[in-house]
Amino acid sequence: MNPIQTEGPEPVVLLNKVSKHFKEVTAVDCLSFNIRKGMFLALLGPNGAGKTTLVEMIEGLQKPDSGEILLFGRKWQGNEDFLHHQLGISLQETRFIDKLTVKETLRLFASFYGLEKNRVEEVISLTGLEEKHRTFTVNLSGGQRQRLALSIALLNRPSLLLLDEPTTGLDPASRRELWHILLSLKKDFGTTLILTTHYMEEASFLCDEIVIMDHGRILAKGSLEQLLCEHDKGEIMEFSLQERPESIDLSLNGNVRESTWDSESRKGWLLVNDIVANIDGFMNYIARNNYHLTSFECRKMTLEDLFISLTGRKLSDET
Ligand SMILES: Nc1ncnc2c1ncn2[C@@H]1O[C@H](COP(=O)(O)OP(=O)(O)OP(=O)(O)O)[C@@H](O)[C@H]1O
Ligand SMILES: [Mg+2]
């Protein structure tokens, strides 16, 4: 029997109070959630949040210290063969054999699964690696390596795909191409996906459900709309200054719910209930302190704002 009561069919992935510690670090802290068939789920979190540790436990590469993981209703122990045929995996860093070509690499992996020969060609065409199939893996660009990693993950027609930062370092066009490949898998085969990412746009565009995590815990979970709606308790004022004070008091007489100031980039961020009610106070504060605005913007909350508000930090330096 499932430890968590769920509505509808059995979830593809079920986590029940899963924890993992490395000495004094709690990488994953008592996490529970389910993933339904065909769902695309994004794990968003800053460096060290516990994303890879969580994904690798689901993949059976690491063992939880406590808690239970069921895939397709089964534990890893005793079901390794069955589960290896259901899962497609791409790790955060993939190493290939330098002096094998793209096609030879895929043929090698295909042989592990006893797949028919034309599956390699099918996958090469699916991931757009036709022009590179004779290239040694050592000569592939970063984006092409990511495509090869995805190709390997797709070889055995997995029903559950786990991709750890599949688009990190890709240019925006390649990133979008990869998203469209993933969406076609969902449409054509009902594939279930768990991916980790530092890109808010990726999570918003691709995924039905977003889990924001930090320090091994879930801070928020839901569809983009749910997250923004549930946490939409304010509006954002963003500004930058000519000056670079070490710290500034952005409390505006207690009207600001949250704020951050980064003296390096000279940028500030304020979360308020009502922009109109606070704009005069903000401008007066700037004038009183002889600061000079170089930019000023008011807007509704986005996923990135929500992330900063929940974690107190940006997703990554890149974003
Ligand atoms: N094998 C290990 N030994 C010791 N500590 C580890 C090990 N693996 C992970 N950790 C620690 O566990 C925490 C979570 O790491 P994890 O790799 O899961 O984070 P992440 O969210 O994937 O980060 P990133 O975005 O940088 O990939 C970190 O503090 C990390 O240092
Ligand atoms: Mg990671």
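The values are calculated or read from the model by the stated rules, or taken from the named source; none is laboratory data. Here the structure is a predicted model, which is why all the values come from computation and not from measurement. Because the Cβ atoms are built from the backbone with ideal geometry, glycine has one as well, and the counts that use them run over all protein chains shown. Accessible surface is based on the protein model in full, side chains and every heavy atom, while ligands, DNA and RNA are left aside. Shrake-Rupley method; radii C 1.70, N 1.55, O 1.52, S 1.80 Å.
For the chain, go through all pairs of different Cα atoms, get the mean of 1/r, take its inverse, and jot down that Kirkwood value in Å.
With all distinct Cα pairs of the chain included, I get 21.8 Å.
Of the accessible area of the stretch 16-143, computed with a 1.4 Å probe over protein heavy atoms only, carbon and sulfur atoms account for 49 percent. When shorter helices are ignored and each DSSP H run of at least 4 residues is given -39500 (n - 2.57), the per-residue value for the chain at 222 nm works out to -9500 deg cm²/dmol. Taking the Cα centre of the stretch 13-229 as origin and assigning +1 to Lys and Arg Cβ atoms and -1 to Asp and Glu Cβ atoms, the resulting dipole is close to 360 debye. Using a probe radius of 1.4 angstrom, the carbon and sulfur fraction of the accessible surface of the stretch 232-311 is 43%.
Between residue 180 and residue 297, the modelled labels are 2.7 nm apart [label points 7 Å from Cα along Cα→Cβ].
A Cβ-based charge dipole, computed about the Cα centre of the stretch 182-319 with Lys and Arg at +1 and Asp and Glu at -1, lands at about 120 debye.
With a Förster radius of 45 Å applied to the C-beta separation of residue 288 and residue 208, the computed FRET efficiency comes to 0.40. Would you mind calculating the relative contact order of the chain from Cα pairs under 8 angstrom and at least 6 residues apart, reporting the percent as a whole number? Reported relative contact order: 19 percent.
When the Gaussian network model of the chain links Cα atoms closer than 10 Å, the mean-square fluctuations of 80, 264, 59 top out at 264. Annotation: lysines with alpha-carbon distance below 30 angstrom to residue 99 (same-chain offsets under eight excluded): 117, 132.
Taking the Cα centre of the stretch 232-311 as origin and assigning +1 to Lys and Arg Cβ atoms and -1 to Asp and Glu Cβ atoms, the resulting dipole is close to 100 debye.
For the stretch 169-231, averaging the sequence separation of C-alpha pairs within contact (under 8 Å, six or more residues apart) and dividing by the residue count gives a relative contact order of 18 percent. Accessible surface calculations at 1.4 Å, restricted to protein heavy atoms, place the chain at 51 Å² per residue. In this structure, the residue pairs whose Cα-Cα separation is over 31 Å, taken from 23/75; 23/221; 37/300, are 37/300.
Considering only 109, 136, 22, the mean-square fluctuation computed in a Gaussian network model of the chain, springs between alpha carbons under 10 angstrom, is largest for 22.
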